[in-house]
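> Below you'll find the structure I mean.
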Amino acid sequence: MVDILMPALSPTMTEGKLAKWHKQVGDAIKAGDVLAEIETDKATMEFEAVDEGTLSEILVPEGSEHIAVNAPIARIAGEGEPAKPAAAKPVAPQPAANPAAPPPAPKAPPQAASAPLAPRLAAESEWTGPSTTLTVRDALRDAMAEEMRRDGDVFLIGEEVAEYQGAYKVSQGLLAEFGARRVIDTPISEHAFAGLGVGAAMAGLRPIVEFMTWNFAMQAVDQLVNSAAKTRYMSGGQMSCPIVFRGPNGAAARVAAQHSQDYASWYAHVPGLKVIAPYTAADHKGLLKAAIRDPNPVIFLENEILYGASFPVPSDPDYIVPIGRARIVRPGEHVTITAYSRMVEVAERAADALAGEGISAEVIDLRTLRPLDIETIVDSVKKTNRLVSVEEGWAFAGIGAEIAAQIMEHAFDWLDAPPARVAGKDVPMPYAANLEHLALPQPDDIVAAAKAVGYR
Amino acid sequence: MAVAAKRKPKSRPDEPVEAEVSAEKLLDLYRAMLLIRRFEEKAGQMYGMGLIGGFCHLYIGEEAVVTGAMAAVEPGDTVITAYRDHGHMLACGMDPKGVMAELTGRRTGYSHGKGGSMHMFSREKNFFGGHGIVGACVPLGTGLGFAHHYRDNKRVSLTFFGDGAMNQGQVYESFNMAALWKLPVVYIIENNRYGMGTSIARSSASPNLFGRAAPFGIPGHQIDGMNVLAVIAAVQEAVEYARSGKGPYVLEMLTYRYRGHSMSDPAKYRSKDEVSRMRQEHDPIDQVRKRLIDGGLADENRLKEIDNAVKAQITEAADFAQQSPEPDPSELWTDVYGEVSA
Ligand SMILES: Cc1ncc(C[n+]2csc(CCOP(=O)(O)OP(=O)(O)O)c2C)c(N)n1
Ligand SMILES: [Mg+2]
């Protein structure tokens, strides 16, 4: 004898109406037969048999309301069992037991806000070998070329990456060396070519997907966040998505609101992504190589204005910069200034100005935003007792907001002043030269913030 | 433009080309479809008991589509679909126990309880999910096809999605690239006439879905997706085309879901009559059963044996899914990032 229970149509349903019986007592029941119709205020559902036999008893007559989920509503006798027809008897409405009530919360210590940190990778050792002076543009190109030589599964795909040699000339020469199979011009279809890259990465290839600028990646955000970032977790670790999305981020010059935006905090918000925003050419090269070799989806934020800037770059093709380590650009005593991407240059100019006024600033190039190297920042703040964060993006829910929160959590007692944020002004980027200048963090803004946290 | 329609799109649900199969094969198809049907009924029941939570989209009525498709592919071909995915996993050979245990959110589930009904994967069986965003699996499946093409491994990507998904822009972006680069992708539209409560007539200016690929030069057919032999014949042709390097192919499978969109469905957007007519006149499993019996290929006893074996398998899966423990709390933090290999 099998009891048939009142089904729930949704996890929140606690009771419902038995609208109609499709089978009567004595009827033979096969799996899949529609037994009854159940109704709630929201939905009606036909309810099918899973067990076979003969309907021996109807416990709840049709038309009955307020039947609790999981209350027995009928009985099925299996083959050979006596079918015991019985008159339907009304069942008093029962207080509903919520079928999906969450188990009582364990009395655990307060939860950590994020996964226990993986052991921090060692910082790269100081380079003493031969170096070449390269622009950021060429450093990126060399990183891709070297990794493509090293691994046949690495390929570059995006708009204008092949024949045009890159909208910003980053992929110069790659088509000639690697051919059209591995350097692929796409139609203007960010959403699908990002998704195509993710699918190829799930199949084990190592795509580098170039967005002409990160502004256009908003067309593709769903594939980056829902498909790339979450698949490893949703698959219990079976799938991986080794892919790099790269391109220029943040304000270029005079291109106005739709083409000038810093997406760092958008992507840094998402577990499953790694987010990198380098400043020097050496870091662009070493971190892009690390990103290409990484088994996770990596968001690699470049900056158009930096493409032409030159820096010394180690000549060794195996020079790699570990993801997740910040770099102290210049040591200082009185205030810590964090920055990333082009803002490192602005912070350095501010530090120069501050030095002229007797304030020694420690400038930290974050380089990686997720996982954030909070230890380096904390160590610095424990020394300087003051923090100014700089970013091109908006302050609200920005990188600086996150750093300030984490410094409160980890170094509250060392702070001599509330952390200050220097950020892009809370407006869409204006076009006029003077307004654009006002909208972006300038060295003077950083100087003023550094003085404010130093009560000077 | 280099691509022009190579063949006229045609519709042939009324003049089905059917695959010829042996009696044994037909019995296999019967068993495979029945496994999905019974699995889904059990899942529906367990949902009703509060053992399965969240969204749960059942495939009841549509079994012939994935069963026929999987009968037409070769080992190594890849499969991807949206969230109505239990049938696809079973058809790919994934273990009903692991699938059911994922539905109940247990550690023995395919995703250790972290994916649920809509997100399961099997590397071993070349099943690439299980995706909850309508339309998103189409570029992903195109990317699987891209990988096959890149590796020149003669594999084909079977990419399933719904009639509702056909109105997502990324589908056409994908068609364009797949046709442009001749990627080996067979796009299978599971046209069950509705996206949630919105019928094709109310969502699609042109109801001819497969024909929407024609401007990209992608050949396509409309197929009776309730007839498993018609599905096999069509998918065989499409897969062969894609495998031979000619590019993508689109098949619109006319099918029907008997149950609601998900478990909570107001069922106010279609008539009961429509549903019962489909069940009574077009049921994919009944059709095969009838062929087996009428053709003298199997008797009632043989079918009863199969029914019982399938039932036992499902009971075992359901017991396993209820008895397995929930994931260890430490699982919360695992599988967010992969380790960098040295
Ligand atoms: C981008 C997106 N929009 C909306 C939804 C909500 N939603 C889930 S299923 C669905 C209907 C899809 O219908 P169809 O593609 O025909 O697939 P079917 O459910 O019929 O198998 C909708 C609107 C979603 N999951 N993703
Ligand atoms: Mg549909």
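The values are calculated or read from the model by the stated rules, or taken from the named source; none is laboratory data. All values derive from a computational prediction rather than experimental measurement. Every residue, glycine as well, gets a Cβ built from its backbone with ideal geometry; the counts of neighbours run over all protein chains shown. Just the protein is used for accessible areas: all its heavy atoms, side chains included, with ligands, DNA and RNA removed. Shrake-Rupley method; radii C 1.70, N 1.55, O 1.52, S 1.80 Å.
> Based on Cα coordinates alone, diagonalise the gyration tensor for segment A:290-411, multiply each eigenvalue by 5, take square roots, and list the semi-axes in whole Å, largest first.
Square roots of five times the eigenvalues give 24, 19, 14 Å.
> Something else now. Taking the Cα centre as origin and putting +1 on Lys and Arg beta-carbons and -1 on Asp and Glu beta-carbons, what dipole magnitude results for chain B, to the nearest 20 debye?
800 debye
> If the cut-off is 24 Å between C-alpha atoms, which lysines fall inside it for A:LYS289, apart from same-chain ones fewer than 8 positions away?
Straight-distance partners of A:LYS289: A:LYS169, A:LYS230, A:LYS274.
> Over all distinct alpha-carbon pairs, what is the Kirkwood Rh of the protein assembly as shown in angstrom?
Taking the inverse mean of 1/r over all distinct Cα pairs, the protein assembly as shown comes out at 29.0 Å.
> Here is a further query. Please report the spacing between the Cα centers of segment B:114-170 and segment B:264-328 in Å, no decimals.
The distance from the Cα centre of segment B:114-170 to that of segment B:264-328 comes to 26 Å.
> List the lysines whose Cα sits under 17 Å from the Cα of B:LYS311, skipping any in the same chain fewer than 8 residues away.
Counting by Cα, and skipping residues close in sequence, B:LYS311 has these lysines nearby: A:LYS30, B:LYS42, B:LYS97.
> Residues of segment A:429-453 with amide nitrogen under 20 Å from the 7 Å Cα-to-Cβ point of A:ALA397?
In segment A:429-453, the label zone of A:ALA397 (backbone N under 20 Å from the point 7 Å along Cα→Cβ) covers A:429.
> Report, in whole Å, the centroid distance computed from the Cα atoms of segment A:368-426 and segment A:304-350.
What the calculation gives is 17 Å, centre to centre.
> Related question: What residues of segment B:159-187 lie in the reach of a label at B:SER244, counting those whose backbone N is under 17 Å from a point 7 Å from the Cα along Cα→Cβ?
B:182-186
> With the calculation restricted to Cα positions, what are the radius of gyration and Dmax of segment A:165-238 in angstrom?
In order Rg, Dmax, the Cα atoms of segment A:165-238 give 13.7, 41 Å.
> Could you tell me what a quarter of the Cα convex hull surface of chain B works out to, in nm² with one decimal place?
Values: hull surface 75.3 nm².
Taking a quarter of the hull surface, the average projection is 18.8 nm².
> With all distinct Cα pairs included, what does the Kirkwood hydrodynamic radius of segment A:182-337 come out to in Å, to one decimal, could you say?
16.6 Å
> Does segment B:139-295 come out rounded, prolate or oblate, given a ≥ b ≥ c as the square roots of the eigenvalues of its C-alpha gyration tensor, rounded meaning a/c under 1.5 and, failing that, prolate meaning a/b above b/c?
oblate
> Now, a different point. Quick one: order B:PHE128, B:PHE216 from most to least accessible surface, probe 1.4 Å. Don't jump to the answer; show the numbers that get you there.
Working: B:PHE128 10, B:PHE216 45 Å².
The ranking, largest first, comes out as B:PHE216, B:PHE128.
> Follow-up. Quantify how strongly other chains surround peptide B:275-281 by giving the mean number of their Cβ atoms within 10 Å of each of its Cβ atoms.
For this peptide, the per-residue mean of nearby foreign Cβ atoms is 1.
> Let me ask another. Using alpha carbons only, how many degrees (0 to 90, rounded to 10) separate the axis of helix A:136-150 from the longest principal axis of chain A?
60 degrees
> Residue separation times 0.36 nm, minus the C-alpha to C-alpha distance between A:ARG150 and A:HIS269: what's the value? Could you put the intermediate results ahead of the total?
Working: separation 119, 0.36 × 119 = 42.84 nm, distance 3.20 nm.
The A:ARG150-A:HIS269 span can extend by a further 39.6 nm.
> For segment A:34-80, what size does the Cα cloud have along each of its three principal axes, sorted from largest down, in whole Å?
That works out to 40, 17, 16 Å along the principal axes.
> On to the next question. Mind listing the long-range amide H neighbours of A:ILE364? Cut-off is under 5 Å, sequence gap 5 or more, other chains count too, H placed in the peptide plane at 1.01 Å from N.
Hits under the 5 Å cutoff: A:VAL329, A:ILE337, A:THR338, A:ALA339.
> Here's a follow-up. Could you please state how large a percent of the accessible area of segment A:274-357 is carbon and sulfur, counting protein chains only and using a 1.4 Å probe?
The computed percentage sits at 49.
> Using amide H atoms built in the peptide plane, which far-off residues or other-chain residues are under 5 Å from A:LEU5 H to H?
Amide H neighbours of A:LEU5, under 5 Å, 5+ apart: A:ILE73.
> Continuing with the same structure: Given the rule -39500 (n - 2.57) for each run of at least 4 DSSP H residues, summed and divided by the residues of chain B, what is its mean residue ellipticity at 222 nm, to the nearest 500 deg cm²/dmol?
Rounded to the nearest 500, it is -13000 deg cm²/dmol.
> Whole-Hz ³J(HN,Hα) for each residue in segment A:23-40, computed from phi via Karplus 6.51 cos²θ - 1.76 cosθ + 1.60 with θ = phi - 60°, x for glycine and proline: what do you get?
10, 10, 4, x, 5, 6, 10, 10, 4, x, 5, 6, 8, 7, 10, 10, 10, 10
> Which aspartates and glutamates, if any, have their Cα less than 12 Å from the Cα of A:LYS451, not counting same-chain residues under 8 positions apart?
A:GLU357
> Now a separate question. Counting only helical runs of four or more DSSP H residues, what would the 222 nm mean residue ellipticity of chain A come to if each run contributes -39,500 (n - 2.57) and the total is spread over all its residues? List each step's numbers first, then the result.
Numbers: 11 runs with 111 residues, N = 456.
It comes out at -7000 deg cm²/dmol, rounded to the nearest 500.
> Considering only protein heavy atoms, what is the solvent-accessible area of A:HIS22 at a probe of 1.4 Å, reported in Å² to the nearest 10?
Approximately 70 Å² of A:HIS22 is accessible to the 1.4 Å probe.
> Measure up B:LYS25/B:LYS182; B:LYS114/B:LYS154; B:LYS125/B:LYS154; A:LYS20/B:LYS272; A:LYS285/A:LYS383; B:LYS114/B:LYS268 against 23 Å on the Cα-Cα distance and list the ones that go over.
B:LYS25/B:LYS182; B:LYS114/B:LYS154; A:LYS285/A:LYS383; B:LYS114/B:LYS268
> Over its Cα atoms, what ratio of radius of gyration to 2.2 N^0.38 Å does chain A give?
Here the answer is 1.36, to two decimals.
> Need the C-alpha centroid separation for segment B:210-229 versus segment B:27-71, integer Å.
24 Å
> With a 1.4 Å probe and all protein chains in place, put A:MET1, A:MET212 in order of accessible area, largest first.
Ranked list, largest accessible area first: A:MET1, A:MET212.
> Further, regarding this structure: Using the crude model of +1 on Lys and Arg Cβ and -1 on Asp and Glu Cβ, and no other charge, please compute the dipole size for the protein assembly as shown relative to its Cα centre, in debye to 20.
With only Lys, Arg, Asp and Glu charged at Cβ, the dipole is about 660 debye.
> Which semi-axes, in whole Å and largest first, does the equivalent ellipsoid of segment A:134-202 have when worked out from the alpha carbon gyration tensor as the square roots of 5 times its eigenvalues? Intermediate values should be presented prior to the final figure.
Working: eigenvalues 73, 43, 23 Å².
Square roots of five times the eigenvalues give 19, 15, 11 Å.
> Rounded, prolate or oblate: which fits segment A:342-424, taking a ≥ b ≥ c as square roots of the Cα gyration tensor eigenvalues, rounded meaning a/c under 1.5, else prolate when a/b beats b/c?
Oblate, because a/c is 1.5 or more while a/b does not exceed b/c.
> Taking 35 Å as R0, compute the FRET efficiency from the Cβ-Cβ separation of B:GLN323 and B:ASP286 and round it to 0.05.
0.55
> Taking 0.36 nm per residue of separation and subtracting the Cα-Cα distance, what length does fully extending B:LYS182 through B:ALA23 add?
53.6 nm
> For A:GLU163 and A:HIS437, compute 0.36 nm times the residue count separating them, minus their Cα-Cα distance, and round to one decimal in nm. Could the numbers behind the result be given before it?
Values: separation 274, 0.36 × 274 = 98.64 nm, distance 3.50 nm.
Stretched fully, the A:GLU163-A:HIS437 segment lengthens by 95.1 nm.
> A follow-up question, please. For B:VAL156, which sequence-distant residues (separation of 5 or more, or a different chain) have an amide H within less than 5 Å of its own amide H, given hydrogens modelled in the peptide plane?
B:ASP77, B:THR78
> On the full set of protein chains, 1.4 Å probe, figure out the accessible area of A:PHE311 and give it in Å² to the nearest 10.
Accessible surface of A:PHE311 is approximately 30 Å².
> If you don't mind, another one. For segment B:116-207, run through the GluC sites (Glu not before Pro) and keep only the ones in DSSP coil with at most 13 other Cβ atoms within 10 Å of their Cβ.
Hits after loop and neighbour filter: B:GLU124.
> Just the accessible area per residue of segment A:202-358, please: how many Å² with a 1.4 Å probe?
Result: 28 Å² per residue.
> Counting alpha carbon pairs within less than 8 Å and at least 6 residues apart, what relative contact order, in whole percent, applies to chain A?
Here the relative contact order equals 11 percent.
> Could the peptides B:98-111, A:275-288, B:192-205 be put in order, highest first, of the mean number of other beta-carbon atoms found within 10 Å of their residues? Numbers along the way, then the final one.
Working: B:98-111: 24.1, A:275-288: 27.4, B:192-205: 15.4.
Answer by packing, highest mean first, reads A:275-288, B:98-111, B:192-205.
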